[in-house]
Amino acid sequence: MLRGILRIISRDGYISRSQLAKELNILKDIVDEGIMQLLRRGYLLEENTGEGCATFCVKCPFARNCSKEIVKTFKISAKGERYLKNR
Amino acid sequence: MASGTIALVGNPNSGKTTFFNALTGSNQHVGNWPGVTVEKKEGSFKFEGEKYHVVDLPGTYSLGAFSEDEVVARNFILTGNPDVIIDVVDASNIERNLYLTTQLLEMGKKVVIALNMVDEAEKRNIDFDIDGLSKKLGIPVIPTIATKGKGIKDIVKAAIDLMNRNMAAENPVQYGETIEHHIRNIERLLAGKELPYPTRWTALKIIEGDQEILNNIKQSPHLDQNLTDYIEKFHQDHRNEDLELEIIDAKYSFANKAVDGTIKRPAEETVTITDKIDRIFTNKYLGIPIFAGIMLIVFQLTFVLGEEILGGLAADLIDGLGGLLAMFLVYLGAPGLFTSFMIDGVINGVGAVVEFVPLILVLYLLLSFLEDSGYMARAAYVWDDLMRRLGLQGKAFISLIIGFGCNVPGIMSARTLDNKKDRMITTLITPFMSCGAKLPIYSIFIAAFFSRHGGLILFSLYAFGILVGLIMAKIFSKTLFKGESSYFIMELPPYRIPTLRNVLRNMWDNVYGFLKRAGTVIFVVITLLWVLAVLPVSVEPYSQLSILGRIGAFIAPIFAPAGFGSWQESVALFAGIPAKEAVVGTLGMLYAGQYVEQGAILVNAVKLQFTSLTALSYMVMTLLYTPCIATLSVVGKETNSLKWPLFMALYTFALGWLAAVAIFQVGSLLGFS
Ligand SMILES: Nc1nc2c(ncn2[C@@H]2O[C@H](COP(=O)(O)OP(=O)(O)O)[C@@H](O)[C@H]2O)c(=O)[nH]1
Ligand SMILES: [Mg+2]
């Protein structure tokens with residue numbers, strides 16, 4: 001299952017829970033669980049947009065724009081890439 | 001003295017605490033687990049004359065060592081010696097909950113399952129074969145409704161029965177041959193040693209490389225060097241085999257097999273509405289045209305609603321206020337210079353900027369709506385895809401979208417790109433994304449010359465900015481920065497109806513920023529320029545003989561090839577470098593001083609000073625030229641250099657100038673005016 005999740009994510013270039021659930025024939029909750037496992041173990045990395053703005057531009061009137069997350073982004077780590085290639 | 005200890009374990013929100021309360025009533029107390037801030041709930045109850053001790057463990061999805069909650073729960077299960085565990089499982093979510101159950105069984109614990117919230121599960125038409133599930137898992141499963149106290153007696157009875165039975169735990173999960181082989185090897189090494197944990201489980205943790213367990217084992221006094229060496233070598237040799245994932249996977253498939261045939265849920269909607277929409281919106285060929293279409297609508301609405309309808313009202317309001325203020329000042333007999341400052345500087349200068357609040361409001365209302373609906377994530381994805389195919393960093397588009405509000409946070413957000421190439425390119429092209437402050441400039445010129453196609457022109461300007469950004473990115477990636485771009489994956493959340501609160505808040509952030517700047521930076525810039533425009537006192541104020549006029553006249557020839565060679569327009573462009581809104585503010589103030597008889601309406605003055613062609617070249621100049629000071633300084637901070645902001649200031653200026661000149665010259669040749 002975990003390999004399946006990583007493979008589909010890598011193929012599509014995006015994460016859609018419903019797509020993953022459908023293709024792997026598992027529940028969306030289990031997809032969440034799998035993504036969490038991959039994150040925890042460093043196969044998938046979560047990116048943080050907007051971090052650190054608070055320190056620099058608290059006075060900037062647009063400061064709140066700074067930390068907004070238009071879309072969550074991830075990265076497949078080197079470990080994840082290797083895992084996909086193995087076997 | 002209690003006859004036994006029962007631990008309540010389960011996923012968060014499975015109903016453990018409700019269960020705990022139902023069991024213990026008021027016989028409970030709350031404290032903290034030693035050394036951590038996790039709450040510890042303990043209590044006792046009587047069953048058939050015997051007293052039992054109960055502990056409510058923190059809710060977890062697994063028993064690794066990834067959070068305090070997990071560590072607390074795991075340590076208690078391993079070393080707190082509960083005699084039996086009641087695993088509280090949310091019946092609507094068995095698949096996920098069973099992963100935890102599997103781990104409990106592997107720890108060699110006596111476990112009974114409280115299949116809780118069966119009332120909820122029934123509402124969702126989930127069917128259970130409870131006996132079947134119990135058989136497959138090899139442990140008692142009792143349906144409960146903790147909130148109503150249903151099944152509590154039964155589960156307690158089952159738990160106590162199990163507690164008093166002598167039962168050797170079986171291995172619930174069989175792993176693949178490789179893993180089983182490693183387990184056997186390690187078990188052999190561990191045999192006969194005094195371990196703090198069950199042997200097979202310890203072997204598994206060693207294979208998984210669970211740091212906490214490894215440390216505890218290494219500190220255990222009964223272990224010899226051999227084992228420690230073996231463990232070290234094992235991890236060296238199998239570093240790249242992803243054994244831990246295999247172990248997790250096996251647990252999930254065990255859980256899956258247990259529910260297979262014992263739980264029936266109504267078929268999930270396999271193709272959701274989100275999927276259907278995305279098939280079109282994120283389509284390789286349709287994605288960008290759809291994005292363009294949506295943006296065109298956004299700009300059309302912005303222009304019609306924000307400028308023509310609401311903008312007119314705002315302009316009239318400020319104009320009216322100006323009239324009243326003028327009358328009032330005359331009535332008071334205020335000094336002429338002060339009146340001139342209030343009317344020309346504040347009302348016509350700063351006021352000219354404030355007039356655009358409705359426009360900003362409408363644009364960001366619409367953009368916030370798109371963002372909150374989940375569409376912006378798709379836009380980012382579609383652009384990511386296109387930019388990647390152009391060999392550019394895709395994630396940059398997120399910075400660019402933020403840059404449409406204000407370039408500063410746009411550039412700040414690029415700092416999360418982890419290679420220098422991506423970061424620098426994104427930083428260098430973000431200023432081509434028109435920020436909110438440039439909107440007033442465009443809309444003045446559009447209102448004066450292109451009001452019939454307002455939305456289209458506005459859209460084209462934004463689009464042109466993106467296009468220039470893409471081209472420059474390509475050039476930079478070929479020349480200045482080479483190397484691989486990293487590859488990002490976006491999460492596409494389901495579409496949803498935007499919430500009013502989010503939309504309004506998001507919009508307000510932008511409007512507030514705009515207003516705050518009008519009251520601070522813009523006010524200061526306009527005041528300074530006003531002083532320069534009325535000095536020296538010996539000359540006609542706002543004339544070319546004033547200090548400002550002379551500075552302007554000195555610069556003006558630079559812009560003559562682009563068709564707008566008057567001193568006011570040149571000064572306004574430079575006033576835009578501290579803050580872009582000041583372009584409009586400066587024009588408002590200077591023209592108001594000059595065209596007293598035309599009334600203060602800036603649009604009318606612009607109509608006299610410009611032609612459609614020069615308006616176009618002026619707009620393109622403002623679109624591309626040197627970003628504001630705040631942007632430049634953030635570039636300096638982020639790159640920790642003076643070189644890059646300087647480079648940015650100059651190359652964008654050159655680019656803007658070239659584009660403006662090209663438009664004017666080619667346009668003139670073609671006979672436009
Ligand atoms: N419908 C229903 N709700 C329940 C049941 N058991 C608990 N709940 C509710 O589920 C929520 C979470 O319960 P709680 O005991 O706090 O879960 P914990 O996080 O595991 O401690 C609360 O709102 C409870 O009222 C049940 O059997 N049926
Ligand atoms: Mg609780």
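Counting only protein heavy atoms and using a 1.4 Å probe, what share of the accessible area of segment B:177-264 belongs to carbon plus sulfur, as a whole percent? Result for segment B:177-264: 45 percent of the exposed heavy-atom area is carbon or sulfur. Highest mean packing first, where packing is the average number of other Cβ atoms within 10 Å per residue, the peptides B:79-90, B:437-448 line up as B:437-448, B:79-90. Interface B-A: total buried accessible area of about 5400 Å², 1.4 Å probe, protein heavy atoms only. What's the local net charge at B:Val584, with K and R +1, D and E -1, over the other residues with C-beta under 11 Å away? Around B:Val584, the surrounding residues sum to 0. Bridging of B:Lys40 to lysines at a Cα separation below 18 Å is possible for B:Lys16, once same-chain residues fewer than 8 apart are set aside. Taking only alpha carbon atoms, segment B:259-361 gives an Rg to Rh ratio of 1.47, where Rh is the Kirkwood radius. Of all DSSP bridge pairs formed entirely within segment B:4-163, close to 40 percent run antiparallel. Checking the cross-link pairs B:Lys109/B:Lys233; B:Lys109/B:Lys153; B:Lys205/B:Lys233; A:Lys75/B:Lys580; A:Lys28/B:Lys123 against a 27 Å limit on the alpha carbon distance flags B:Lys109/B:Lys233; A:Lys75/B:Lys580 as lying beyond it.
Express in whole angstrom the spacing between the alpha-carbon centres of segment B:314-329 and segment B:485-522. So the separation of the two Cα centres works out to 33 Å. Probing with 1.4 Å while keeping every protein chain in the model, the per residue accessible area of the protein assembly as shown equals 43 Å².
Expressed as an acute angle from 0 to 90° and rounded to the nearest 10, what is the orientation of the C-alpha long axis of helix B:225-237 relative to the principal long axis of chain B? Once rounded, the angle reads 40 degrees. Under a cut-off of 12 Å between alpha-carbon atoms, report the aspartates and glutamates in cross-link reach of B:Lys193, not counting same-chain residues fewer than 8 places apart. Result set, ordered by chain and number: B:Asp224.
Free of any GluC sites (Glu not before Pro) that DSSP assigns to a loop and that have at most 16 other C-beta atoms within 10 Å, the longest stretch within chain B is B:270-483. Between B:Leu332 and B:Val38, the modelled label-to-label distance comes to 6.7 nm, taking each label 7 Å out from Cα in the direction of the beta carbon.
Once the chain from B:Ser641 to B:Asp224 is taken as fully extended at 0.36 nm per residue, the excess over their C-alpha distance is 144.5 nm. When the helix-only estimate is applied to chain B (DSSP H runs of n ≥ 4, each -39,500 (n - 2.57), divided by the residue count), what is the mean residue ellipticity at 222 nm, nearest 500 deg cm²/dmol? So the helix-based figure for chain B works out to -18500 deg cm²/dmol. What you get for the protein assembly as shown, charging only the Cβ of Lys and Arg (+1) and of Asp and Glu (-1), is a dipole of about 1040 debye around the Cα centre.
Checking the Cα-Cα distances for B:Lys276/B:Lys482; B:Lys41/B:Lys157; A:Lys79/B:Lys482; B:Lys51/B:Lys251; B:Lys157/B:Lys264 against a 32 Å cut-off, the pairs over it are B:Lys276/B:Lys482; B:Lys51/B:Lys251.
A convex hull fitted around the alpha carbon atoms of the protein assembly as shown yields 211 Å³ per residue. Other residues lying with their Cβ under 10 Å from the Cβ of B:Met163 contribute a combined charge of 0, Lys and Arg counting +1, Asp and Glu -1. In degrees between 0 and 90, to the nearest 10, how far off the longest principal axis of chain B does helix B:243-259 point, with axes built from Cα atoms? Between the helix axis and the principal axis of chain B, the angle is about 70 degrees.
The charge dipole of chain B, taken about the Cα centre with unit charges on the Cβ atoms of Lys, Arg (+1) and Asp, Glu (-1), comes to about 1040 debye, rounded to the nearest 20. Treating cross-link reach as a plain straight distance, find the aspartates and glutamates whose alpha-carbon is under 17 Å from the alpha-carbon of B:Lys148, omitting any fewer than eight places away in the same chain. Those aspartates and glutamates meeting the cut-off are B:Asp90, B:Asp119, B:Glu120, B:Glu122.
Computed from Cα atoms, the angle from the helix B:500-517 axis to the main principal axis of chain B rounds to 40 degrees. Only Cα sites of chain B enter the Debye sum here, all with the same form factor; the resulting log10 I(q)/I(0) across q = 0.06, 0.07 1/Å is -0.56, -0.69, listed in q order. Projected label points at B:Ile497 and B:Ile294, each 7 Å from Cα along the beta carbon direction, are separated by 1.9 nanometres.
In this Cβ point-charge picture (+1 for Lys and Arg, -1 for Asp and Glu), segment B:177-264 has a dipole of about 320 debye about its Cα centre.
The values are calculated or read from the model by the stated rules, or taken from the named source; none is laboratory data. Because the structure is predicted, anything quoted here is derived from the model rather than measured. FYI the Cβ positions are ideal-geometry reconstructions off the backbone, even for glycines, and counts take in every protein chain you see. These accessible areas exclude ligands, DNA and RNA; they are computed on the full protein's heavy atoms, side chains included. Shrake-Rupley method; radii C 1.70, N 1.55, O 1.52, S 1.80 Å.
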